[in-house]
Amino acid sequence: MMEGPGAANANPPEIARGKRMKQMKKASPPSSKTLPKASTGIQGLDEITGGGLPRGRPTLVSGGAGSGKTLFGLEFLVRGATQFGESGVFMSFEELIPDLTANVASLGFDLDRLVAEKKLFVDHVSITRSEFGETGEYDLDGLFIRIADAVQRVGAQRIVLDTLEALFGDLPNPGIVRAEVRRLFNWLKQKGLTTVITAERDQADRLTRHGIEEYVSDCVILLDHRIREEISTRRLRIVKYRGSTHGTNEYPFLIDDQGISVLPISSLGLDHAAPVERVSSGISRLDGMLGGKGFYRGSSILASGTAGTGKTTIAACFVDAACRRGERALFFAFEESPQQIVRNMRSIGIDLEPWVGKGLLQFHAARPTYGGIEQVLLLTHKRIISFQPSVVVVDPVTNLLMVSTQNEVRSMLTRLVDFLKTQGITTIFTSLTAAGSLEASEADVSSLMDTWLLLKNIEVGGERNRALYVLKSRGMEHSNQIREFVLTGDGLRLLDVYLGAEGVLTGSARVSQEMREKAVVTFRRQELLTQRRELERKRRIFEARLVMLRAEFEAEEEIIQQTISQSELLGEEVVQDRGQMVLSRQADSSSYKKEGRAKVAPTR
Amino acid sequence: MPTTKTKTRAQPHKRDLRKPVAWNLRLYVAGQTPKSVRAFANRKAMCEEHLKGGYPIEVIDLRKNPQLARGDQIVAIPTLVRRLPLPLQMIVGDLPNSVLLLVGLDLRKVA
């Protein structure tokens, strides 16, 4: 029965060599100096690890109960098989195969299909202690052979052992198990299998229950599931990664219907592009306040204000304008349902429904208390990545404080803002501020924002009126004026407010001031008219008088002229008469004539 | 032997029950390692001693038939599986200590 061991023994090494050669071919990275890595396909993890898990080496994934170890392993295999063409083997020491298949089916992993396509091999290793008696030395060649067989069947390059430590509990003589586990790791390495070993963490200061981390020296990933203030957050940390740089922070991760997604936080640097393109805010007067062109594309805008100042309305206007331009908009509503927002906006003449129908506008409405702050962030990320909007609204960010501390909200928003900027997405964040501390945004995020619109209620004359001003707007000239902000049945309007001795006037006070001013103007106009008429009248009188005077003058002139001519006539008659007298007296006519004439004139 | 007789008498019902039942023993090994060889030798000796050679042991070399390891959930090598009579019993190790083995397999010496 035991004949021909040579032929039997020759089999596995041959497989191993073949595999190694295949792997070397496949794993040749562009830079030969970096450690070859196997992409996990898990969202975000490859970014933190700089490419994935160490290829051909074991990685330990440790975590408490329910921290997502098994899922991590399965996703590693499923993604490997579906995205990277690397088949895998899953050795389950705990869960039965049908249970496993059912559990991950809800995450969209079809294990049965992958098994049928020979991309995946799932084996359940069950060791029940009651069936054992120990009678001497043994080794785990049985397990090795099973693994080798499974690897051979699908030509696996990846393998997951979940949870290997079950061996310690179920097999006698831990000393032998320990030695065998060490041998197993060496063997897996020798075979060039990229391995994920899961282990349960039962104490905070230990990674695994039986200390197998000492055999896995290449990469250790810790999964954590913690509850704080009744809200759970999953976190992932790379404890060590030999031969590779890696992110060292605790990264939040999420398990949802698409598997695991890890959010790399610190991998984002401040190197996003700064577009000069402007986008309209949807309110022409507001665009006017912002240098006449609106916001910068890709900038973040904070609309903060007390309750009922129209923050959501401003956001809706912006969304409406974006959809009109044919851009896609994503609306995160943390307070109202989409239907409610659509209804409310219709009352001021903004109809968002057609945009929803056209697929240009998507709402994502959920109470942030649904999950931890990290979950909210991850969901936001995922939604943004899948929808690829050019405009995003987060309404309001302050609701996030319900689930977390201010510090965490700020760091989350920093990450979100960075992410949105890298994507070139223009975003409006609304923020509810408590009355009295208007210029301090609740989550203290103002320094992250490029443009800050402050909305406030001004209380004058027994009424509250909305006012808006641009508190800051980086990189553009902007108005320093307060504008009154009026919601009417056909839209949102910004009006000038009155600044007088009594302060800012809005609403009825503004209207009455306007009327007062109108009255003054009318009065002045009337006065002017009266004066003009008076002037006209005076001119007419003057002209009439002028005519009269001229008539008088002319009359007098005529008289005088007549007198003059009469006098002249008279003078000549005298000279003639005298001449005749001289003639008649026989005097010297010529000399007398001259003298007589000269003497006559002065006498007149 | 007189000693055997007393033992037989001590558990008469067990003997009677077991008599008509067929035995099915399987020894899983992996190639001809010293451990496997030792286990097989021990097993053979045991069977000849206790079962008078009437019950052959099926030796399965997992190097030749690796898929068989899955059926009986073999992890450790060598493993002796008593498939019949029920319940299923598994004994791990190269079996140097026949007392432990006997207890494990619920076997007693036969005359």
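The values are calculated or read from the model by the stated rules, or taken from the named source; none is laboratory data. All values reported here derive from a predicted model rather than from experimental measurement. Ligands, DNA and RNA are excluded from the accessible area calculation, which covers all protein heavy atoms including side chains. Shrake-Rupley method; radii C 1.70, N 1.55, O 1.52, S 1.80 Å.
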What's the buried accessible area, both sides, between B and A using a 1.4 Å probe, rounded to 100 Å²? 3000
Using alpha-carbon positions, the gyration tensor of segment A:326-429 gives root eigenvalues a ≥ b ≥ c; with a/c under 1.5 called rounded, otherwise prolate if a/b exceeds b/c, else oblate, the class is oblate
With the solvent-accessible surface defined on protein heavy atoms using a 1.4 Å probe, which residues belonging to segment A:136-180 display a reduction of at least 40 Å² in accessible area in the multichain context relative to the isolated chain? A:Glu137, A:Tyr138, A:Asp139, A:Asp141, A:Gly142, A:Ile145, A:Arg146, A:Asp149
Top to bottom by accessible area (1.4 Å), largest first, where do A:Asp257, A:Asp351 land? A:Asp257, A:Asp351
Inter-part distance where segment A:321-369 and segment A:53-75 are each reduced to a Cα centre, Å: 40
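Pop out the carbon and sulfur fraction of the accessible area of segment A:33-262 as a percent, whole number, probe 1.4 Å.
46
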Segment A:278-502, Rg to Rh (Cα coordinates; Rh as Kirkwood inverse mean 1/r): 0.94
For segment A:303-392 the mean separation of alpha carbon contacts under 8 Å (6+ apart) over residue count, i.e. relative contact order in percent, is 38
Between segment A:387-403 and segment A:503-530, the alpha-carbon center distance in angstrom: 44
With every protein chain kept in place and a 1.4 Å probe, segment A:278-502 has an accessible area per residue in Å² of 38
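At 1.4 Å probe radius, can you tell me the per residue accessible area of segment A:47-92 in Å²?
Each residue of segment A:47-92 exposes 21 Å² on average to a 1.4 Å probe.
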